[in-house]
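Novice: What follows is a single structure, and I will ask about it in a moment.
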Amino acid sequence: MIPRTLFSPEHEAFRDTVRRFIAEHVTPFHAEWEKAGQVPRSLWLKAGELGLLCCNVPEEYGGMGGDFLHSAILIEEMARVGATGPTFYLHSDIVAPYILDFGTEEQKRHWLPRMATGEVVVALGMSEPSGGSDVQNIRTQAIADGDEYVINGQKVFITNGHSADLLVLACKTDPKQRAKGVSLILVETDRAGFTRGRKLEKMGCKAQDTSELFFADLRVPKSSLLGTEGGGFGILMTQLAQERLVQAIRGVSSAEAALEWTREYTAERKMFGQTLADFQNTRFTLAELHAQVLSQRVFVDRCIELHLRGELDSVDAAACKLVTTDLQFKVMDQCLQFFGGWGYMWEYPIARAFADARMCRIGGGTAEVMKQIIANTLLPKRRRDA
């Protein structure tokens with residue numbers, strides 16, 4: 001196995017803490033959370049107590065002042081045990097950077113410390129029923145009225161939507177504009193005019209609470225604006241590389257875990273007087289998958305390295321997410337086949353991982369969107385009047 005060189009001894013000590021946390025507080029209860037459709041607030045508070053939330057937020061704002069490698073470790077270790085319920089990565093590595101990088105000093109000091117402790121859980125409100133994640137054409141509006149915005153609209157597929165205390169909400173502050181009309185607004189979920197819809201029942205990632213959200217004449221002060229009015233689309237674009245990298249890390253880590261589960265199962269499973277691992281088909285298939293996953297691990301680690309230096313662009317991140325999550329699904333499909341009928345049983349991790357893997361090809365932008373992004377760089381369209 002090619003050695004990984006990204007992590008320092010301090011990072012590996014952090015990994016030990018993460019593994020103990022998962023073994024004690026996550027894996028024994030994850031099946032219960034899948035039935036409930038969400039994880040309890042007590043888990044968020046425990047994670048905050050151990051410094052597992054908002055790892056790379058500076059200490060002055062309540063974080064541990066770490067780097068993205070701390071986040072990567074938590075993402076990897078959750079993926080390796082199939083723990084898709086605790087969406088700490090969304091909270092810490094997608095939403096928190098918006099507030100840290102674009103929030104006012106008052107916003108940062110008010111929200112980030114409580115996010116780091118788990119007292120406040122956040123969600124990102126982008127997707128809508130009419131257009132998925134096509135942010136330029138969202139219909140939720142925030143219309144200025146004196147010193148306030150009045151928000152009307154709805155969102156769907158919102159991870160953490162049922163448990164969130166705070167939303168970073170994408171709205172149209174100028175409905176006549178496309179990207180330039182989009183603004184981000186911080187919305188507390190205890191405000192009048194906010195309603196949670198049903199907790200959506202999904203084919204996988206069942207312990208995540210994913211919800212519909214509704215806004216009816218909800219008022220927030222203009223001080224809740226994140227960044228500048230009309231600057232929301234640009235803010236969202238700044239985190240695309242990290243968001244896609246998060247999905248790639250999840251994809252390759254879960255694929256590695258599936259290969260290990262399958263190796264152990266086939267070495268023990270008897271069939272026709274020998275083990276499954278003795279058949280050439282098993283050996284060749286697993287050898288091929290191992291080689292492919294290993295190459296993706298090296299690719300993902302290289303992208304992490306570039307990201308730490310601020311050199312990973314959104315196109316390369318799109319390529320990384322595309323190939324890694326496609327391979328993840330291939331691995332789950334072929335590994336499940338070796339489990340036979342047992343692989344179809346929800347009690348087996350491979351069955352849950354198979355269903356969960358489908359989301360990684362959608363979250364952070366679908367595979368088709370990733371291809372379009374890459375193609376636009378390789379083959380720029382000519383102007384129509386050329």
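Novice: Could you please find all residues in the range 141-175 being charged (D, E, K, R) and either closer than 18 Å to Glu212 by Cα or not in a loop (DSSP other than H, G, I, E, B) (or both)? Let's see the steps before the verdict.
Specialist: First pass over the range 141-175, keeping only residues charged (D, E, K, R): 145, 147-148, 155, 165, 172, 174.
Answer for the range 141-175, where residues must be charged (D, E, K, R) and either closer than 18 Å to Glu212 by Cα or not in a loop (DSSP other than H, G, I, E, B) (or both): Asp145, Glu148, Lys155, Asp165, Lys172.
Novice: Still on this model: Taking Gly51 and the conditions (1) assigned to a helix (DSSP H, G or I); (2) over 18 Å from the mean Cα position of the chain (by Cα), which numbered condition does it fall short on, given that it satisfies the others?
Specialist: Only one criterion is unmet by Gly51, namely (1).
Novice: Search the range 120-140 for residues that are assigned to a loop (DSSP other than H, G, I, E, B) and pair each with any residue that is among the acidic types (Asp, Glu) when their beta-carbon atoms are under 9 Å apart and the residues are at least 6 apart or on different chains.
Specialist: Val120/Asp165; Val121/Asp165; Ser127/Asp134; Pro129/Glu212; Asp134/Glu128; Ile138/Glu128; Arg139/Glu128; Thr140/Glu128
Novice: Run down Asp313, Asp333, Asp301 and say which single residue is over 28 Å from Ala31 (Cα atoms) and surrounded by fewer than 17 Cβ atoms within 10 Å (Cβ to Cβ). It would help to see each step written out before you state the result.
Specialist: Numbers: Asp333 fails: over 28 Å from Ala31 (Cα atoms); Asp301 fails: surrounded by fewer than 17 Cβ atoms within 10 Å (Cβ to Cβ).
After applying the criteria, what remains is Asp313.
Novice: Which count do you get for residues in the range 321-348 that are over 26 Å from Ala248 (Cβ atoms) and hydrophobic (A, V, I, L, M, F, W, C)? It would help to see each step written out before you state the result.
Specialist: Step one: list which residues in the range 321-348 are over 26 Å from Ala248 (Cβ atoms), which gives 340-342, 344-347.
Still in the list and also hydrophobic (A, V, I, L, M, F, W, C): 342, 345-346.
The qualifying residues number 3.
Novice: While we're looking at this one, here's another question. Under 9 Å between Cβ atoms, at least 6 apart or on separate chains: pull out the pairs that start in the range 340-363 with a residue that is farther than 24 Å from Thr282 by Cα and end on any residue that is charged (D, E, K, R).
Specialist: Met359/Lys202; Cys360/Arg250; Cys360/Lys321; Arg361/Lys321; Arg361/Asp326; Gly363/Glu243; Gly363/Arg250
Novice: Is the range 335-349 home to any residue that is in contact with a helix residue (DSSP H, G or I) (Cβ under 9 Å, 6 or more places away or on another chain), outside the structural domain of Glu32 (by TED's automatic domain parsing) and closer than 26 Å to His70 by Cα?
Specialist: Checked the range 335-349: at least one residue is in contact with a helix residue (DSSP H, G or I) (Cβ under 9 Å, 6 or more places away or on another chain), outside the structural domain of Glu32 (by TED's automatic domain parsing) and closer than 26 Å to His70 by Cα.
Novice: Under 8 Å between Cβ atoms, which residue pairs at least 6 apart in sequence (or on different chains) link something in the range 281-301 that is of a type in the set (A, V, I, L, M) with a partner that is modelled with pLDDT under 95 and outside any helix (DSSP H, G or I)?
Specialist: So the pair list comes out as Leu294/Met1; Leu294/Ile2; Val298/Ile2.
Novice: Next up: Where the second residue is assigned to a helix (DSSP H, G or I) and the first is aromatic (Phe, Trp, Tyr) and lies in the range 96-114, which pairs have Cβ atoms under 9 Å and are six or more apart or on separate chains?
Specialist: Matching pairs, first to second residue: Tyr98/Ile235; Tyr98/Leu236; Tyr98/Thr238; Phe102/Ile235; Phe102/Thr238; Trp111/Tyr61; Trp111/Ala96; Trp111/Ile99.
Novice: Still on this model: Surrounded by 19 or more Cβ atoms within 10 Å (Cβ to Cβ) and either without any contact (Cβ under 8 Å) to a residue 60 or more places away in the chain or hydrophobic (A, V, I, L, M, F, W, C) (or both): does that describe Gly63? Don't jump to the end; show me each part of the working.
Specialist: Details: surrounded by 19 or more Cβ atoms within 10 Å (Cβ to Cβ): yes; either without any contact (Cβ under 8 Å) to a residue 60 or more places away in the chain or hydrophobic (A, V, I, L, M, F, W, C) (or both): yes.
It is true that Gly63 is surrounded by 19 or more Cβ atoms within 10 Å (Cβ to Cβ) and either without any contact (Cβ under 8 Å) to a residue 60 or more places away in the chain or hydrophobic (A, V, I, L, M, F, W, C) (or both).
Novice: Here are some residues: Gln247, Gln208. Which one is in the same structural domain as Ala319 (by TED's automatic domain parsing), buried (at least 19 other Cβ atoms within 10 Å of the Cβ) and either under 30 Å from Ala123 (Cα atoms) or touching a Ser or Thr at 6+ places or on another chain (Cβ under 7 Å) (or both)?
Specialist: Numbers: Gln208 fails: in the same structural domain as Ala319 (by TED's automatic domain parsing).
Answer to the selection: Gln247.
Novice: For Gly365, work out the one condition from (1) at pLDDT below 95; (2) assigned to a helix (DSSP H, G or I); (3) under 19 Å from the mean Cα position of the chain (by Cα) it doesn't fulfil.
Specialist: Single failed check for Gly365: (2).
The values are calculated or read from the model by the stated rules, or taken from the named source; none is laboratory data. Note that the coordinates shown come from a computational prediction; the quantities given were computed from them, not determined experimentally. Glycine also receives a Cβ, built like all others from the backbone with ideal geometry; neighbour counts cover every protein chain displayed.
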